[in-house]
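The block underneath contains the structure these notes are about, expressed in structure tokens.
Bear in mind that the values in this text are calculations on the coordinates, not laboratory data. Please read all numbers here as calculations on a predicted model, not as lab measurements. No Cβ is skipped: glycine too gets one built from the backbone with ideal geometry, and neighbour counts run over all protein chains shown.
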Amino acid sequence: MSPDRIQDARRSFFSAGTLAQNLVSQPIQRSWSRCAALGLEVGSRSLPEPLTPQEFAAAAEEAESFKRLCRPELEVLYADAEANDSIVILTNAQGLILDTVGSTDFAQRAARVALRPGVPWTEQIVGTNAIGTALAEGCPIEVRGAEHYLECNRILSCSATPIIGPQGKILGVLDLSGPAEVHQAHALGLVRLAAEQIEHRLFDRGFEHTDLVRLQADPSLLGTPREGILVFENGQLKAANRQGLLLVGRDYGAVGTAAWADLFQDGLSAFSDTGRLRRIGGSSLFGRLDRPRKKVSAISSPQQKPVTPRAIQPIFDLETLKAVGRAVRLLDADVPVLVWGETGTGKEIFARAAHERCARSGKPFVAINCAALPETLMEAELFGYQPGAFTGARAGGSKGHLREADGGVLFLDEIGDMPLALQTKLLRVLQEREVVPLGGGRPAAVDFALICATNRDLAELVRTGGFRSDLYYRIAQYTIELQPLSRRGDRDQLIDALWEALGGRARRITLSPDCLAHLTAYHWPGNFRQLVGCLRAMLALCEPGETAGTEALPSDIRANPAECGPGRTRSAEQPASLDALTINAMQDALQAAGGNVSLAARRLGVSRSTLYRRLHGQL
Ligand SMILES: Nc1ncnc2c1ncn2[C@@H]1O[C@H](COP(=O)(O)OP(=O)(O)OP(=O)(O)O)[C@@H](O)[C@H]1O
């Protein structure tokens, strides 16, 4: 919808009180009417109240398994969001923002209208918006600029979709938000696809005792996230995904009410495991039946126990494998290890690999991201607390992550973001090997091996007073540096290995030589995270047996000519335009910074996202 048409629609709705036909979509019109009926002030500038840190911690803990379930898709979208000055948002079923990842620049702008973790974005509180309206309408929606009810939210352009559980209950919302002036035509498609994959994974476990039917009009899509799923217990429809219901022309109202015989002409017991299924009053479909394997009593509900995302085996080059070996020897000798690397270079994956191979492998691996924990909660989360230590504390108290790591390995990610007061406390634990929980109580002995990680210059932080020197010398006895992908000369082999690990070969999807050349030439500022995310997205968009050409690539990678990656040479004969000189200067700065976008942007005196967008032809 063009901005002018939205303005016309606003004028007729807010001044004349009428809804002009077709100026904005029906769902937006319905939402405006709901907001008007609630008496929301369009010009209101008061921001929605965030939850208190304790309330937010409780909500985040409750949603922990849901967040874990959505993590692979968040990583896929993260790469796209960072490149497009946008953020990915995950909320719970009440529209409370649990997580945002993506462009730091845009996240800061979004925070000015309280689009940030800890704030509920329901229609009742912030008027028409993609998250709240997707919840109210129960379907995917895009809300652009002035379609937002409140004037202050016009700076946003957001696409959101509810994530729906097997019984039709909304579990949360996935949203991609960016600046209103940039129309991201593919954003809604991307979040829908991601939600479809999350919803599909919900059927991986918990339905072993039931008849689970996979459906598709095209048999080659059976076994992919595009397939429909219907679950029957004693012939009654008990669960389904959206695609499954669409294929049989029903909605979630059919779950719990419809029977097999209402949907198909062929009897369930007569259906052999794979074949055609004739619908009642419709065309036939291809189906595959997973027959029950376990007794009902042994099964817990899939919503209570969502599956953990399918992770791929890490792929290490020889250098990294040797570094893992060194880390193992250090951990076994009780020497802390510091892993340094740009974002997404696989610092946590590296730490996990070292844990799996070290003497403490049978014991816990506890990973804590010091940048992700709100400062107010970090102390309680790390050191634990006594019952009633503070308002909002869990009744039984908490052991704390340091004690949870007892016997195993503690991984402190983004250690450079730990507040100074906690650095002092952590140093004491490392020296005395005991933890004193908040609110008093007896000190408890702890024994863990320590791996810290950062993408910051800790020595510089020490010089500027942001990091305690004594803690620095304690944790940085041995530093391992992980190379950014921009510096790796084996990117083609790496892409090939990741493609295989992600299932590309198993699904008979090949990368065309041109496509592989683009992927190889690209400098991957988001490193493994961006590369894995990009390959996952390409796999999701390709059909089995297909060859992925350059059209399957995200636009920024496609726009980066294969021969013009880092290390390209400039022709001395060609006169350079101002624009070309700027781009070249940016590319040189990026190369000089070893591919570190933040560092290059700092040196050039421009923002990270300006550098990024400029290099990818978006400015
Ligand atoms: N060696 C690897 N092989 C395969 N995939 C990897 C590898 N390293 C990282 N990844 C992928 O990249 C993602 C990010 O990895 P990880 O969280 O370890 O990076 P990080 O350097 O700790 O990131 P950050 O600095 O943002 O904390 C992983 O979830 C995984 O998908």
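Is segment 503-546 rounded, prolate or oblate when judged by the Cα gyration tensor, a ≥ b ≥ c being the square roots of its eigenvalues, rounded requiring a/c under 1.5 and prolate requiring a/b larger than b/c? Since a/c reaches 1.5 but b/c is at least a/b, the shape of segment 503-546 is classed as oblate. Distance between the modelled labels on Ser65 and Ser25, one decimal in nanometres: 3.3 nm (7 Å Cα→Cβ projection).
Label separation (Asp317 vs Asp470): 4.1 nm, computed from points 7 Å beyond Cα along the C-beta direction. Length available on full extension from Arg508 to Gln167: 0.36 nm per residue minus the Cα-Cα distance, which gives 119.5 nm.
Net charge in the neighbourhood of Leu188 (other residues with Cβ under 11 Å of its Cβ; Lys, Arg +1, Asp, Glu -1) is 0.
The local environment of Asp447, defined by Cβ-Cβ distances under 14 Å, has a net charge of -2 under the rule Lys, Arg +1 and Asp, Glu -1. Residues Trp340, Trp524, ranked from the fewest to the most other C-beta atoms within 10 Å, line up as Trp340, Trp524. With θ taken as phi - 60° and the Karplus curve 6.51 cos²θ - 1.76 cosθ + 1.60 applied, the whole-hertz 3J(HN,Hα) list for segment 460-473 is 5, 4, 4, 4, 8, x, x, 9, 5, 5, 5, 5, 4, 5 Hz, x standing for glycine and proline.
Taking a sphere under 13 Å around the Cβ of Ala359 and counting the other residues whose Cβ falls inside, with K and R at +1 and D and E at -1, yields a net charge of 0. Ranking Leu23, Gly178, Gln54 by how far each Cα lies toward the positive end of the dipole of segment 3-191 (charges on Cβ) leaves Leu23 at the top. For the chain, the mean residue ellipticity at 222 nm estimated from helices alone is -11000 deg cm²/dmol, where every DSSP H run of n ≥ 4 contributes -39500 (n - 2.57) and the total is divided by all residues, rounded to the nearest 500.
If only the Cβ of Lys and Arg carry +1 and only the Cβ of Asp and Glu carry -1, the dipole of the chain around its Cα centre is close to 740 debye. The spacing between segment 188-203 and segment 1-76, judged by their C-alpha centroids, is 21 Å. How much FRET efficiency would the formula 1/(1 + (r/R0)^6) give for Ala459 and Leu427, where r is the Cβ-Cβ distance and R0 is 22 Å, rounded to 0.05? About 0.85, to the nearest 0.05. For segment 478-493, 3J(HN,Hα) computed residue by residue from phi via the Karplus equation (6.51, -1.76, 1.60; θ = phi - 60°) reads 9, 10, 10, 9, 8, 6, x, 4, 4, 9, 8, x, 10, 4, 5, 5 Hz, glycine and proline entered as x. Each of Trp121, Trp260, Trp32 was scored by other Cβ atoms within 10 Å of its Cβ. Listed from fewest to most, they are Trp260, Trp32, Trp121.
Over the Cα atoms of segment 318-481, each weighted equally, I'd like the Debye log10 I(q)/I(0) at q = 0.12, 0.14, 0.15 Å⁻¹, rounded to two decimals. Result of the Debye calculation: -0.51, -0.69, -0.80. All alpha carbon pair distances within segment 3-191 were sorted into 10 Å bins beginning at 0; the resulting P(r) in whole percents reads 10, 39, 37, 13, 2.
Among the trypsin sites (Lys or Arg not before Pro) found in segment 172-207, those both in a DSSP coil and sparsely packed, with 14 or fewer other Cβ atoms within 10 Å of their Cβ, are Arg205. FRET efficiency for the Ala444 to Glu49 pair, using the beta carbon distance and R₀ = 30 Å, is estimated at 0.20. In this structure, the pairs whose alpha-carbon distance is over 28 Å, taken from Lys169/Lys399; Lys67/Lys322; Lys322/Lys399; Lys169/Lys363; Lys67/Lys169, are Lys169/Lys399; Lys67/Lys322; Lys322/Lys399; Lys169/Lys363.
Looking at segment 32-86, the trypsin sites (Lys or Arg not before Pro) that sit in a DSSP loop and have at most 11 other Cβ atoms within 10 Å of their own Cβ are Arg45. Can you tell me how the chain classifies by the Cα gyration tensor, rounded, prolate or oblate, using a/c under 1.5 as the rounded cut? Rounded, since a/c falls under 1.5.
In terms of other Cβ atoms within 10 Å, Ser177, Ser44, Ser269, Ser398 run from fewest to most in the order Ser269, Ser44, Ser398, Ser177.
Of all stretches in the chain that contain no GluC sites (Glu not before Pro) in a DSSP loop with at most 12 other Cβ atoms within 10 Å, the longest one is 182-572.
If the segment from Ala16 to Val335 were pulled out straight at 0.36 nm per residue, it would be longer than the present Cα-Cα gap by 107.6 nm. The shape of segment 211-298 comes out rounded: with a ≥ b ≥ c from the C-alpha gyration tensor, a/c is under 1.5.
Extension gain, Asp588 to Ala36, is 193.4 nm, computed as 0.36 nm per intervening residue step minus the present C-alpha separation. Along segment 126-139 the Karplus relation, 6.51 cos²θ - 1.76 cosθ + 1.60 evaluated at θ = phi - 60°, assigns HN-Hα couplings of 10, x, 4, 7, 4, 5, x, 6, 5, 5, 5, 8, x, 8 Hz to successive residues, with x for each Gly and Pro.
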